[in-house]
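The structure appears below as structure tokens.
Read-outs: derived from the displayed coordinates by stated rules, not from any lab. Everything numeric here is computed off the predicted structure, so don't read it as measured data. Note: ideal-geometry Cβ built from the backbone for every residue, glycine included; neighbour counts use all protein chains shown.
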Amino acid sequence: MLMGERYKMATKETKAVLRGEYGQTVKPMNQEIIDKVIPGEKRITCRPADLIENEMDKLEAEMKEWKQQDEDVLSYALFPQVATDFFKYRQAQQEKVDMTQADTQECCISCIGWQKYKLKVTYGKGSLI
């Protein structure tokens with residue numbers, strides 16, 4: 001009781017517990033305390049995760065060019081940069097492209113086919129051999 005009145009100051013975590021952001025407590029909270037700490041604020045009475053929007057469709061649309069299996073979407077959701085690099089590597093392995101020789105920037109070599117030509121990259125400029 002530092003401010004002369006009990007429950008006048010509370011941490012953000014305490015307020016989150018009283019709002020119900022961490023779910024229901026084992027024992028119901030005292031309504032007087034709730035009114036003192038978070039007066040007039042709306043409490044969450046349902047499962048907090050139900051209030052979060054589903055992002056799987058959005059993530060799947062973002063990485064549709066790389067998706068080969070359902071686990072690819074989860075990898076992209078957790079580690080977007082690492083997963084994208086892995087998907088590029090996996091595609092290069094499947095198409096038998098040497099990633100050390102291929103231009104990894106947005107190149108238009110795909111229009112002439114990967115198996116028929118070799119690509120030599122010198123200082124960011126590609127030329128056919």
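Computed from label points 7 Å out along Cα-Cβ, the spacing between Met29 and Leu59 is 3.0 nm. Each label point was placed 7 Å from the Cα along the Cα-to-Cβ direction; for Gln81 and Arg47 their separation is 3.4 nm.
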